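A short worksheet on the structure shown next.
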Amino acid sequence: MSAFPNTSTVQTQSVPTWRQKDAKPFVQIEQITKQFGQFTAVNSVSLDIYRNELFCLLGGSGSGKSTLLRMLAGFEEPTSGRILIDGVDMTGIPPWERPVNMMFQSYALFPHLSVEANVAFGLKREGLKSAEVNKRVAEILGMVQLGHLAKRKPHMLSGGQRQRVALARSLVKRPKLLLLDEPLGALDKKLREETQFELMRLQDELGITFIVVTHDQEEAMTLATRIGVMNNGDIVQTAEPHEVYEYPQNRFVAEFIGNVNLFDGTVMDEERDSTTIRSSDIDGLLKVDHGISGAPNQNVSVAIRPEKIRISREPIDLAVNATTGVISDVAYMGSQSIFKVRLNSGKEIRITQPNVSREMGNRLTWEDRVFLSWGADSCVVLVA
Amino acid sequence: MLSKLRLGRMAVILVPMLWLAAFFFIPFLVVFKISLAEAMIAVPPYSPLLQWDSSNAYLTFKVTFGNYLYLFESRFYLDAYLSSLKIAAISTFFALLIGFPIAYLIARSRPTMRTILLALVILPFWTSFLLRVYAWMALLKKNGLVNDFLLATGIIDQPIQILQTDFAVYLGIVYTYLPFMILPLYTTLEKMDLNLLDAAQDLGAKPYQSFFLVTLPLAKPGIIAGCLLVFIPAVGEYVIPALLGGSDTLMIGRVLWDEFFLNRDWPLASAVAVVMLIVLVGPIMFMRNSNKEAE
């Protein structure tokens, strides 16, 4: 397996489908709400997913992402709203008649059946001839490199092998849409990384649309064509991974994905392509290179990622986007170091710096007074 | 150190071993010994195994297989065995048919409800078994509650004979042993991962298919355990056929009782018991094998 994922497919297509104005969505989720008694698990979610996408629903526990997935599979009926798959309204269609397969978080392999029989289970329900069933089972087991374990029972397999059986079982019916519930959650870190690339390879080869539910933001970043971030039953942002990271639309997304420093402030001046904000957190002015179309004197937050802040012992003479503080903590991580800097306002912020040099001598350390600065293009203003 | 450890282990196993030896193996040997004797009018009513004739200094060791030969030659005993096995098998089948949905329902109900339902299953044990069978006699007799109800609703126009029929015996056995069917079934069904049913449906199985292809195979250990727990005591059942059955209800437990207390033929009764035990070893071995397979 190559160490680098094959991402060329996304890049060679001139414009991804989800950015084309007139593209027809493959999965249409329209105003879906699901209530369990008084509790609203999914709150009027609308979402379009396009053919061949690897869409990640990302959120913490209780965010409604699994409920949404179960409604796509047909295990739960929405309280209101509807789901269309390939143009067909799924309302009232039971799971066994949907062109959808699911890979369960617990894998849900049938313990009384061999690997082979587990994979053949779905094909037999279609009434295929046994020769055809055997051919397709062998084919898919070869694809996930499990041909030699076909006769084993699930309890005789390792966690990683079980995961691949579950994947093979859900792929063998060639569904239009594959749903994956925390597909890598039960694997250890190294295996998880390998399997991520494996998933992307399979998705690319088979041309099946994937919807993946995960709570792991790194997993979503690596796998997804687009990410839908969920919180309290709502989708709070839908965007490509780099957009979600670099241009979070609200405080929740900024804080949930990666680490972020947030400065609270008031809008002083706003033009079409710049906004000036006074923040007591940095005891100065922030200048951002985009407009926010909000009222003056509005209270906003400005988000800056830890790796986008320059840190130095040399004083910087800048009127905006600069401040000073004292290093309160240092963590050496090998490839990078994390500094915690206490600003004069008392606020503590986080800065990461790549360890470009091997020399330890002149490193920044505890109690150093440092000067911080960042570019106007590194900041995002968050209104919500 | 090692010997101490082994000694400790031995001591732990020793207690149940002694218990089994004292209350199962030694009594079985006694019964087996009596089955090799001849019946006689004496106390105890059978010939001794060893006899010391002091005048001639003879030690006589007398064993007869006549009782066993008699069992196999007489059509009556063979019929009694077969009839017992038949009644036990049919009762077990109906206990499974009734017990499975009950166990399924309990296993799928909410945890608080589960405790209550399980308590209800066990509740009849608080009343003596004998009393409950007597209660059935009162219910099933000519002017009993069941006949009264059927007459009142106009389903029948004169009382029907329920008591002292095979039907009453089946009813009694199924009623009595149903908890022994439900409890092991409940245990296996409760352990089942419900995601498996979702997975089956997701792969295209309709609900009845996922029941037969997933639920039922996974409940197999419970089905086997439940069936044996009903079947084995039902084969040797005495009280139910004696109280609810007719004079023509032939069961080996009743035969045994009659040989023992009416005919005072202890050796033949013992032979009947030994053969019954051997007959029941078959299903017990079957359970052992299927358990091993499941592991």
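The values are calculated or read from the model by the stated rules, or taken from the named source; none is laboratory data. As the structure is a computational prediction, the values presented were derived from the model and not from experiment. A quick note on method: Cβ atoms are made from the backbone with ideal geometry, for glycine too, and the neighbour counts reach across all protein chains shown.
Consider the range A:90-115. How many of its residues are modelled with pLDDT of 95 or more and away from chain B (no Cβ under 14 Å)?
Residues meeting the conditions: 1.
Considering only residues of the range A:107-119 that are among the hydrophobic types (A, V, I, L, M, F, W, C) and within 32 Å of the chain's Cα centre (by Cα), which is nearest to B:Pro217 (Cα to Cα)?
Initial filter on the range A:107-119 (among the hydrophobic types (A, V, I, L, M, F, W, C)): A:108-110, A:113, A:115, A:117, A:119.
If we keep only those that are within 32 Å of the chain's Cα centre (by Cα) too, we end up with A:108-110, A:115, A:119.
Working: A:Ala108: 15, A:Leu109: 14, A:Phe110: 10, A:Val115: 16, A:Val119: 17 Å.
Ranking the candidates gives A:Phe110 first.
If I filter the range A:333-354 for residues that are among the hydroxyl-bearing types (Ser, Thr, Tyr), in a strand (DSSP E or B) and touching a helix residue (DSSP H, G or I) at 6+ places or on another chain (Cβ under 8 Å), do I get at least one hit?
As a first pass, look at the range A:333-354 and keep what is among the hydroxyl-bearing types (Ser, Thr, Tyr): A:335, A:337, A:345, A:352.
When the remaining residues are screened for being in a strand (DSSP E or B), the result is A:337, A:352.
Pick out the ones that are also touching a helix residue (DSSP H, G or I) at 6+ places or on another chain (Cβ under 8 Å) and you get A:352.
So far as the range A:333-354 goes, yes, one or more of its residues are among the hydroxyl-bearing types (Ser, Thr, Tyr), in a strand (DSSP E or B) and touching a helix residue (DSSP H, G or I) at 6+ places or on another chain (Cβ under 8 Å).
If I filter the range A:116-130 down to residues being more than 8 Å from chain B (Cβ to nearest Cβ) and assigned to a loop (DSSP other than H, G, I, E, B), which single residue comes out as nearest to A:Thr33 (Cα to Cα)?
Once the filter is applied, the top-ranked residue is A:Gly127.
For the range A:15-32, enumerate the residues that are under 25 Å from A:Gly233 (Cα atoms) and assigned to a loop (DSSP other than H, G, I, E, B).
If the condition is that a residue be under 25 Å from A:Gly233 (Cα atoms) and assigned to a loop (DSSP other than H, G, I, E, B), then A:Pro25, A:Phe26 are the ones that fit.
Name the residue that is farthest from A:Gln353 (Cα to Cα), counting only residues in the range A:277-328 that are among the β-branched types (Val, Ile, Thr) and part of a loop (DSSP other than H, G, I, E, B).
Quick first cut of the range A:277-328, residues among the β-branched types (Val, Ile, Thr) only: A:277, A:282, A:288, A:292, A:300, A:302, A:304, A:309, A:311, A:316, A:320, A:323-324, A:326-327.
Checking which are part of a loop (DSSP other than H, G, I, E, B) leaves us with A:282, A:292, A:309, A:316.
On the way: A:Ile282: 20, A:Ile292: 30, A:Ile309: 9, A:Ile316: 18 Å.
Result: A:Ile292.
Any chance you could count how many residues in the range B:1-60 are aromatic (Phe, Trp, Tyr), in contact with a strand residue (DSSP E or B) (Cβ under 7 Å, 6 or more places away or on another chain) and either in contact (Cβ under 8 Å) with a residue 24 or more places away in the chain or at positive phi (or both)?
The qualifying residues number 1.
Within the range B:201-225, can you find the residues that are at the interface with chain A (Cβ under 7 Å from one of its Cβ atoms) and buried (at least 18 other Cβ atoms within 10 Å of the Cβ)?
Within the range B:201-225, B:Gln201, B:Asp202, B:Leu203, B:Gly204, B:Ala205, B:Val214, B:Leu218 qualify.
Starting from the range A:283-303, keep only residues that are under 14 Å from A:Val380 (Cα atoms), then list their pairs with residues that are among the small types (Gly, Ala, Ser) and part of a loop (DSSP other than H, G, I, E, B) whose Cβ atoms are within a distance under 6 Å, requiring at least 6 positions of separation or different chains.
Cβ pairs passing all conditions: A:Asp289/A:Ser274.
Read through the list (1) farther than 30 Å from A:Thr67 by Cβ; (2) away from chain B (no Cβ under 12 Å); (3) touching a Phe, Trp or Tyr at 6+ places or on another chain (Cβ under 8 Å), then give the number of the only condition that A:Ala150 fails.
Failing condition for A:Ala150: (3).
Need the failing condition index for B:Met192 against (1) within 20 Å of B:Ile284 (Cα to Cα); (2) facing another protein chain (nearest Cβ under 10 Å); (3) aliphatic (A, V, I, L, M), just the number.
(1)
Could you please let me know if A:Glu219 is modelled with pLDDT under 90, closer than 24 Å to A:Met71 by Cα and under 13 Å from the mean Cα position of the chain (by Cα)? Spell out the reasoning first.
Details: modelled with pLDDT under 90: yes; closer than 24 Å to A:Met71 by Cα: yes; under 13 Å from the mean Cα position of the chain (by Cα): yes.
When the stated conditions are applied, A:Glu219 passes them.
Only one of (1) within 21 Å of the chain's Cα centre (by Cα); (2) not aromatic (Phe, Trp, Tyr); (3) not in a loop (DSSP other than H, G, I, E, B) is not met by A:Gln35, so which one is it?
Checking A:Gln35 against (1) within 21 Å of the chain's Cα centre (by Cα); (2) not aromatic (Phe, Trp, Tyr); (3) not in a loop (DSSP other than H, G, I, E, B), the one that fails is (1).
The rows are residues; the columns are (1) under 29 Å from the mean Cα position of the chain (by Cα); (2) closer than 15 Å to A:Leu372 by Cβ.
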{"site": "A:Ile282", "(1), (2)": "no, yes"}
{"site": "A:Asp289", "(1), (2)": "yes, no"}
{"site": "A:Pro296", "(1), (2)": "no, no"}
{"site": "A:Ser301", "(1), (2)": "yes, no"}
{"site": "A:Gly325", "(1), (2)": "no, yes"}
{"site": "A:Ile338", "(1), (2)": "yes, yes"}
{"site": "A:Asn344", "(1), (2)": "no, yes"}
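Does A:Val356 qualify as being more than 16 Å from A:Ser301 (Cβ to Cβ), among the β-branched types (Val, Ile, Thr) and loosely packed, with under 13 Cβ neighbours inside 10 Å?
Here the answer is yes, as A:Val356 does meet what is asked.
Being in a helix (DSSP H, G or I) and either basic (Lys, Arg) or touching a Phe, Trp or Tyr at 6+ places or on another chain (Cβ under 7 Å) (or both) is true for just one of B:Thr92, B:Thr112. Which residue is that?
None of the others qualify; the one that does is B:Thr92.
A:Val133 - would you say it is within 13 Å of another protein chain (Cβ to nearest Cβ), hydrophobic (A, V, I, L, M, F, W, C) and under 18 Å from B:Leu196 (Cα atoms)?
So A:Val133 does not fit the description; no.
For (1) surrounded by fewer than 17 Cβ atoms within 10 Å (Cβ to Cβ); (2) at pLDDT below 90, each residue gets a yes or a no:
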site: A:Phe197; (1), (2): no, yes
site: A:Arg201; (1), (2): yes, yes
site: A:Thr209; (1), (2): no, no
site: A:Val212; (1), (2): no, no
site: A:Val236; (1), (2): no, no
site: A:Gly284; (1), (2): no, yes
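Every residue in the range A:217-229 that is crowded, with 17+ Cβ neighbours inside 10 Å and either out of contact with any strand residue (DSSP E or B) (no Cβ under 8 Å at 6 or more places or on another chain) or not assigned by TED's automatic domain parsing to the domain that holds A:Gly64 (or both), please.
A:Thr222
Would you pick out the residues in the range A:148-191 that are among the hydrophobic types (A, V, I, L, M, F, W, C), buried (at least 21 other Cβ atoms within 10 Å of the Cβ) and in contact with an Asp or Glu (Cβ under 9 Å, 6 or more places away or on another chain)? Lay out the reasoning, then the answer.
Here is the first cut: in the range A:148-191, the residues among the hydrophobic types (A, V, I, L, M, F, W, C) are A:149-150, A:156-157, A:165-168, A:171-172, A:177-180, A:184, A:186-187, A:191.
Remaining after also requiring buried (at least 21 other Cβ atoms within 10 Å of the Cβ): A:165-168, A:171-172, A:177-180, A:184.
Once the filter is applied, which keeps residues that are among the hydrophobic types (A, V, I, L, M, F, W, C), buried (at least 21 other Cβ atoms within 10 Å of the Cβ) and in contact with an Asp or Glu (Cβ under 9 Å, 6 or more places away or on another chain), the range A:148-191 yields A:Leu167, A:Val172, A:Leu177, A:Leu179, A:Leu184.
Read through the list (1) surrounded by 10 or more Cβ atoms within 10 Å (Cβ to Cβ); (2) in a helix (DSSP H, G or I), then give the number of the only condition that B:Val15 fails.
That leaves (1) as the condition not met.
Let's see how each residue does on (1) touching a residue at least 60 places away in the same chain (Cβ under 8 Å); (2) assigned to a helix (DSSP H, G or I); (3) under 30 Å from A:Pro99 (Cα atoms); (4) of a type in the set (Phe, Trp, Tyr):
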site	(1), (2), (3), (4)
B:Arg132	no, yes, no, no
B:Met137	yes, yes, no, no
B:Asn147	no, yes, no, no
B:Ile156	no, no, no, no
B:Gly172	yes, yes, no, no
B:Pro184	no, yes, no, no
B:Glu190	yes, yes, no, no
B:Asp193	no, no, yes, no
B:Gly204	no, no, yes, no
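Looking at the range A:67-89 only, could you name the residues that are away from chain B (no Cβ under 12 Å) and either on the phi > 0 side of the Ramachandran plot or of a type in the set (Ser, Thr, Tyr) (or both)?
Quick first cut of the range A:67-89, residues away from chain B (no Cβ under 12 Å) only: A:67-68, A:71, A:77-89.
Listed by number, the residues that qualify are A:Thr67, A:Thr79, A:Ser80, A:Gly81, A:Asp86, A:Gly87.
If I filter the range A:122-132 for residues that are in contact with a Pro (Cβ under 9 Å, 6 or more places away or on another chain), charged (D, E, K, R) and closer than 24 Å to A:Ile211 by Cβ, do I get at least one hit?
No, the range A:122-132 contains no residue that is in contact with a Pro (Cβ under 9 Å, 6 or more places away or on another chain), charged (D, E, K, R) and closer than 24 Å to A:Ile211 by Cβ.
Being of a type in the set (A, V, I, L, M) and in a helix (DSSP H, G or I) narrows it down to one residue among B:Leu243, B:Leu250, B:Leu163; which is it?
Going through B:Leu243, B:Leu250, B:Leu163 in turn, the sole match is B:Leu243.
So A:Leu184 clears everything in (1) away from every other protein chain (no Cβ under 14 Å); (2) in contact with a helix residue (DSSP H, G or I) (Cβ under 8 Å, 6 or more places away or on another chain); (3) in a helix (DSSP H, G or I); (4) more than 23 Å from A:Pro99 (Cβ to Cβ) except one condition, right? Which one?
Checking A:Leu184 against (1) away from every other protein chain (no Cβ under 14 Å); (2) in contact with a helix residue (DSSP H, G or I) (Cβ under 8 Å, 6 or more places away or on another chain); (3) in a helix (DSSP H, G or I); (4) more than 23 Å from A:Pro99 (Cβ to Cβ), the one that fails is (3).
I'm told B:Glu237 meets every condition in (1) at pLDDT below 90; (2) not in a helix (DSSP H, G or I) except one. Can you identify the failing condition by its number?
Failed condition: (1).
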